[in-house]
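Have a look at the structure that comes next, please.
The values are calculated or read from the model by the stated rules, or taken from the named source; none is laboratory data. Here the structure is a predicted model, which means the values were calculated and not measured. Glycine gets a Cβ as well: all are built from the backbone with ideal geometry, and neighbour counts include every protein chain shown. Note: areas computed on protein heavy atoms with side chains; ligands, DNA, RNA excluded. Shrake-Rupley method; radii C 1.70, N 1.55, O 1.52, S 1.80 Å.
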Amino acid sequence: MRPRQLLLVIVIALGLAALMDARSLERSAQTSPFGLRRSVELTVLRPLVTVSDHLALDRPRMALDALLHRSDDGGPAPPEPASLPPPQQVRVASSGLRLRLPATGEASPPPAAPRVRTAADPLRLWVGGDSVAGFLCYEMEAIAEHDPALAVRTHFQISTGLSRPDYYDWPAHLAQDTATGNPEVVVLLVGANDDQPLETPGGGVADFATPEWVTEYGRRAGALMDQVRREGRTVVWVGLPVMRAHDFGARMDVIDNAARRQAARRPGVLFLDSRPLFSDDSGALTLMRAPDGVHLSPQGGTRLAEAVLRLIRDHSADPALALPRTGRAR
Amino acid sequence: MLFTTVDFAVFFTTVLALSWLVPAFGTRWKLLVLLSSYVFYAWWDWRFCGLLAASTALNQAAAEAIARSRTAATRRTLLVLAIAAGLATLGFFKYAGFFASSLANALGHLGLGAPLPLLQVVLPVGISFFTFQAISYVVDVYRGTTEPASRLDFAVYLAFFPHVVAGPIVRAREFIPQLRRSTAEPRLDGGRAISLILGGLFKKVVLAGFLSTAVVDPVFGAPGAHSRVEVLAAVYGYAVQIWADFSGYTDIAIGCALLLGIRFPANFDAPYAATSLQDFWRRWHMTLSRWLRDYLYIPLGGSRGSSLLTARNLMLTMLLGGLWHGAAWTFVVWGGIHGGFLVAERRLRRGRPRVETGVNRALARLLTFHVVCLAWIFFRADSVATAFSLLGRLVTGGGPASLVTVPVVLAIAAGIGVQYVPAGTVARLTARFAQLRPAFQGGVAAAALVGIGVLGPQGVAPFIYYRF
């Protein structure tokens with residue numbers, strides 16, 4: 001085959017594939033981080049989508065997607081937000097896990113009767129988040145294997161966060177999960193993918209770490225906390241561990257602080273600062289991390305899982321909530 | 001950039017088109033390919049372009065010095081220095097953290113010391129591959145089996161973007177002579193190249209991607225939460241996944257190289273149809289196994305000494321081969337399993353004629369496949385303890401098998417079944433494709449790309465081997 005012929009084959013293959021797949025490519029570009037590249041991609045792809053639609057070249061792909069029950073939206077529609085009382089008035093209501101957290105400006109509630117967890121009535125946890133939550137989820141499941149009084153459901157999704165609900169709608173997915181498993185405690189670790197511009201309610205785009213960005217991200221984090229608390233569940237918001245790359249760590253601090261401020265205003269929300277777990281006295285990163293210096297190793301997942309359970313126990317009236325086994329063989 | 005992204009498609013098409021504007025394999029062509037290769041490598045991490053360049057300069061300097069040297073002692077010294085420098089660099093980037101964490105764990109078990117600071121070492125992409133290629137070049141010059149290449153030719157060889165990230169490990173004497181051809185307009189094996197690329201994309205994106213998310217990752221992540229049937233499906237599924245992922249990548253690399261007029265050696269030959277472990281290593285990651293044979297096993301003495309020495313050489317080769325794959329004890333155990341079974345196999349077969357009857361061959365294939373799967377458990381598990389937990393679940397794990405769906409079973413069956421498709425069948429299909437008019441070839445390729453996009457999981461997963 002001569003180069004000219006080969007070039008013809010490649011141009012036809014890529015061009016035709018681009019036309020047949022234009023909608024999917026546009027969708028992918030829409031959910032990519034805001035910026036010049038996204039703008040260029042959308043500028044190129046929108047006319048392709050138009051041409052593809054006129055020539056009906058997108059129909060085969062749409063038919064295949066329908067056959068395989070594939071959709072390209074960010075998930076199910078989020079639940080309609082009900083009107084909420086001001087945060088300090090909310091109490092943990094229906095679950096047996098009673099928190100000893102005083103509401104702002106009010107006296108501490110009387111200590112609740114201790115609840116004895118059993119295999120018939122385990123403490124129900126939901127644990128999830130982005131890929132950093134991966135080994136936290138796995139280790140929580142491992143702990144629950146050996147503790148029948150603990151029931152854990154997990155759900156982590158790589159490359160997700162709160163800044164791009166058009167890519168992955170965490171409030172909607174979390175609502176589905178909690179409706180199914182009815183957890184008493186929701187443990188969430190997100191943020192590692194959120195250091196990117198996000199769209200504000202007014203339709204503009206806020207660059208990362210600007211005041212507008214911090215306000216909007218805080219609003220989203222707070223709304224997610226309220227969504228969970230409205231269902232009578234406790235929220236454990238796990239802060240991101242210290243990162244190897246200092247600049248990336250600084251970005252994560254912005255995200256963590258935005259979430260931490262929202263948690264501080266809400267009784268029923270516990271914020272776990274994980275940084276002391278993975279750094280020495282000088283703040284330098286220690287082991288229990290994956291080679292990328294971002295994700296946790298299995299040992300890191302265990303350490304974090306133990307810390308989460310300790311936090312829940314320390315803030316509950318349930319002295320029977322035992323710590324997990326330590327020193328698990330690896 | 002990953003082979004399975006639109007970025008790479010645009011990059012490669014651009015490089016290909018530009019390469020046809022200059023005489024193939026001339027100086028301008030080589031400079032274009034070299035520049036493109038560094039752009040490709042910089043896309044991963046620009047900071048390590050200097051490392052690749054330094055490795056190129058150091059090994060070429062060593063090869064030239066060895067070729068000029070007149071004394072055996074000097075030649076040997078230069079060889080040792082070049083190899084030591086390469087292995088030291090590889091050791092620092094790849095194994096420093098592993099040894100630090102192993103030491104920390106050991107101290108912890110003894111009740112000594114606090115957690116050690118994590119070494120701030122990022123692993124350069126492809127370092128294992130280009131280090132091994134560089135070592136093979138210097139050794140071959142030392143042995144006299146290849147002449148030192150020109151500096152430009154060696155630079156192109158080491159950085160050539162289709163293989164720089166994850167192989168195949170091409171020898172200099174296989175690659176560099178191809179750069180010495182000269183033709184204004186090469187005739188390209190376009191049909192075969194496109195077939196390889198499309199087939200590789202299907203294996204990587206659809207087959208490997210599906211099995212990874214459907215069964216392998218959930219089971220290996222939490223073995224205790226899954227039944228024995230699910231564990232078994234995950235083990236078989238991982239065997240198919242790693243073959244599909246790696247052979248798929250290799251097919252794409254070979255196809256891309258073909259489109260640039262360069263022929264790579266094959267890297268896989270139906271490995272799960274092997275009738276023995278020795279046969280398996282003649283079919284799996286063939287370029288690595290030949291490298292280990294020629295530059296480690298044979299220099300150690302190979303099978304020339306006593307059976308005890310042969311066993312030692314086999315074990316050492318496989319243990320180091322395991323460590324090459326990753327800085328973790330699981331990879332060492334993986335290598336140890338292969339080494340141990342290779343030693344046992346050699347002992348059992350000594351002096352006995354090979355029996356090739358149908359039933360015996362089928363049993364041999366079955367046994368070999370399951371030994372390989374046993375080793376894969378350790379290769380995939382995040383720790384030795386997790387691997388043993390998985391093995392334990394095979395015995396004790398009751399419960400439902402919700403992850404073992406019809407698509408999972410079909411994917412595993414397809415991945416193993418395709419190993420038994422005759423090579424002639426694949427060759428005939430490729431030839432039929434190559435005979436189509438270019439417009440029809442383009443149409444078939446477009447339909448294949450769309451199908452792969454539909455069937456593949458969301459998002460882009462890297463190749464398993466790319467961080468080796």
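For peptide A:14-24, compute the average count of partner chain beta-carbon atoms within 10 Å of each residue's beta-carbon. Could you put the intermediate results ahead of the total?
Details: counts 8, 2, 8, 13, 5, 2, 6, 6, 0, 0, 3.
Mean partner shielding for this stretch: 5.
Please give the length that would be gained between B:ALA17 and B:VAL384 if that part of the chain were fully extended, namely 0.36 nm times their separation in residues minus their C-alpha to C-alpha distance (nm, one decimal). It would help to have the intermediate numbers written out before the result.
Details: separation 367, 0.36 × 367 = 132.12 nm, distance 4.86 nm.
That pair, B:ALA17 and B:VAL384, stretches by 127.3 nm at full extension.
Show me the ranking of peptides A:172-182, B:223-233 by mean Cβ neighbours inside 10 Å, starting with the highest. List each step's numbers first, then the result.
Numbers: A:172-182: 16.5, B:223-233: 21.6.
With the highest mean Cβ count within 10 Å placed first, the list reads B:223-233, A:172-182.
If you don't mind, there's one more thing I want to ask. So for chain B, taking the charge dipole from beta-carbon charges (+1 Lys/Arg, -1 Asp/Glu), which of B:GLY392, B:ILE66, B:ILE262 sits furthest toward the positive end?
Of the listed residues, the answer is B:ILE66.
Now for a separate question. Roughly how many nanometres apart are two label points built 7 Å out from the Cα toward the Cβ at A:HIS54 and B:ASN360?
7.1
Another question, then. Taking accessible area as the heavy-atom solvent-accessible surface of the protein chains with a 1.4 Å probe, which residues of segment B:16-41 lose no less than 40 Å² upon going from the isolated chain to the full protein assembly?
SASA drop of 40 Å² or more in segment B:16-41: B:TRP20.
While we're here: Expressed in whole Å with the largest first, what are the equivalent ellipsoid semi-axes of chain B derived from the C-alpha gyration tensor as the square root of 5 times each eigenvalue? Before the final figure, lay out the partial values.
On the way: eigenvalues 235, 187, 111 Å².
Each semi-axis is the square root of five times an eigenvalue, giving 34, 31, 24 Å.
A further question follows. Which whole number gives the average, over all residues in B:440-452, of C-beta atoms from other chains lying within 10 Å of the residue C-beta?
Details: counts 2, 8, 10, 5, 3, 7, 12, 5, 2, 7, 12, 5, 1.
For this peptide, the per-residue mean of nearby foreign Cβ atoms is 6.
Give me the inter-chain shielding for B:216-225: mean count of other chain Cβ atoms within 10 Å, whole number please. If you can, show how the numbers build up before the last one.
Values: counts 0, 2, 3, 0, 1, 11, 10, 4, 5, 7.
Per residue, the number of nearby Cβ atoms from other chains is 4 on average.
FRET efficiency for A:ARG265 and A:SER32, Cβ-Cβ distance as r, R0 = 30 Å, nearest 0.05? Before the final figure, lay out each step's value.
Numbers: r = 33 Å, r/R0 = 1.09.
Between A:ARG265 and A:SER32 the formula returns 0.35.
Students often check this: by mean Cβ neighbours within 10 Å, which of B:254-263, B:5-14 ranks highest, and how do the rest follow? Intermediate results must be reported in sequence, preceding the final value.
Values: B:254-263: 21.7, B:5-14: 15.6.
The packing order, highest mean first, is B:254-263, B:5-14.
Below 14 Å, Cα to Cα, which aspartates and glutamates can B:LYS203 reach? Residues fewer than 8 away in the same chain don't count.
Once the sequence-local aspartates and glutamates are set aside, what remains near B:LYS203 is B:ASP245, B:ASP251.
For the pair A:THR180 and B:GLU64, how long in nm is the line joining their label points, each one 7 Å along Cα→Cβ?
Calculated label separation equals 6.3 nm.
Expected output is a single nm value to one decimal: the length gained when fully extending between B:ALA54 and B:THR405, i.e. 0.36 nm times separation in residues minus the C-alpha distance. What is it?
Values: separation 351, 0.36 × 351 = 126.36 nm, distance 5.03 nm.
So the extension gain works out to 121.3 nm.
Continuing with this model, one more query. Which whole-angstrom value gives the distance between the alpha carbon centres of segment B:243-306 and segment B:385-437?
Answer, in whole Å: 20.
Compute the convex hull volume of the Cα atoms of the protein assembly as shown, divide it by the residue count, and report the result per residue in Å³ as a whole number. Before the final figure, lay out the partial values.
On the way: hull volume 150.4 nm³, N = 798.
It is 188 Å³ per residue.
Taking R0 as 56 Å, what's the FRET efficiency between B:LEU348 and B:THR77 from their Cβ-Cβ distance, rounded to 0.05? Each step should come with its number before you reach the end.
Details: r = 43 Å, r/R0 = 0.76.
About 0.85, to the nearest 0.05.
With a cut-off of 8 Å between alpha carbons and a minimum separation of six or more residues, what is the relative contact order of segment A:22-72 in percent? Spell out each step's value before the answer.
Details: 23 pairs, mean separation 20.9, N = 51.
Normalised by residue count, the contact order of segment A:22-72 is 41 percent.
Follow-up question, since we're still on this one. Give me the 1.4 Å probe accessible area per residue for segment B:297-388, excluding ligands and nucleic acids, in Å². Walk me through the numbers on the way to the answer.
Numbers: 4700 Å² over 92 residues.
I get 51 Å² per residue for this part.
Note the full-extension length gain between B:ARG47 and B:ALA427 as 0.36 nm times their separation in residues minus their Cα-Cα distance, in nm to one decimal.
Values: separation 380, 0.36 × 380 = 136.80 nm, distance 4.19 nm.
Full extension from B:ARG47 to B:ALA427 adds 132.6 nm.
Could you give the size of the charge dipole of the protein assembly as shown about its Cα centre, using +1 on the Cβ of each K and R and -1 on the Cβ of each D and E, expressed in debye and rounded to the nearest 20? Let's see the in-between values first.
On the way: 77 positive and 57 negative charges, 631 e Å.
Roughly 3020 debye for the protein assembly as shown.
Within 9 Å, Cβ to Cβ, of B:ALA273, how many net charges do the neighbouring residues add up to if Lys/Arg are +1 and Asp/Glu are -1?
0
May I pose another question? Would you mind getting me the FRET efficiency between A:ASP166 and A:THR118? Use the beta-carbon distance for r and R0 = 41 Å, nearest 0.05. Intermediate values should be presented prior to the final figure.
Working: r = 43 Å, r/R0 = 1.05.
Result of the calculation: an efficiency of 0.40.
In whole percent, how big is the carbon plus sulfur part of the accessible area of chain B, probe 1.4 Å, protein atoms only? Each step should come with its number before you reach the end.
Details: 13280 of 19900 Å².
The nonpolar share, carbon plus sulfur, comes to 67 percent.
Here's another thing I want to ask about it. Where Lys and Arg each count +1 and Asp and Glu each count -1, what net charge lies around A:ALA221 among other residues with Cβ under 12 Å from its Cβ? The partial results should precede the final answer.
On the way: positive: A:ARG219, A:ARG220, A:ARG260, A:ARG261, A:ARG265, A:ARG266; negative: A:ASP194, A:GLU216, A:ASP226, A:ASP256.
Net of charged neighbours comes to +2.
A follow-up question, please. Quickly estimate the mean residue ellipticity at 222 nm for chain B, helices only: each DSSP H run with n ≥ 4 gives -39500 (n - 2.57), and the total goes over all residues, rounded to 500. List each step's numbers first, then the result.
Values: 20 runs with 308 residues, N = 468.
Taking each H run of at least 4 residues, the total per residue is -21500 deg cm²/dmol.
Estimate for me the total accessible surface buried between chains A and B (protein heavy atoms, probe 1.4 Å, no ligands or nucleic acids), in Å² to the nearest 100. Walk me through the numbers before you get to the answer.
Details: alone 17080 and 21760 Å², together 35110 Å².
Approximately 3700 Å², summed over both chains.
Rounded if a/c is under 1.5, else prolate if a/b is larger than b/c, else oblate: which is segment A:13-72, with a ≥ b ≥ c the root eigenvalues of its Cα gyration tensor?
Numbers: a/c = 2.48, a/b = 1.41, b/c = 1.75.
The shape class here is oblate.
Sort A:303-309, B:425-431, A:21-27 by packing, meaning the average of other beta carbons within 10 Å per residue, with the highest value first.
Details: A:303-309: 22.4, B:425-431: 12.6, A:21-27: 20.4.
Ranking, from highest mean packing down: A:303-309, A:21-27, B:425-431.
Give, as ranges by residue number, the residues of segment B:370-403 whose backbone N falls under 17 Å from the point 7 Å along Cα→Cβ of A:HIS146.
B:383-393
Relative contact order, percent, of segment A:195-253 when contacts are C-alpha pairs under 8 Å separated by at least 6 residues?
Values: 35 pairs, mean separation 13.1, N = 59.
Reported relative contact order: 22 percent.
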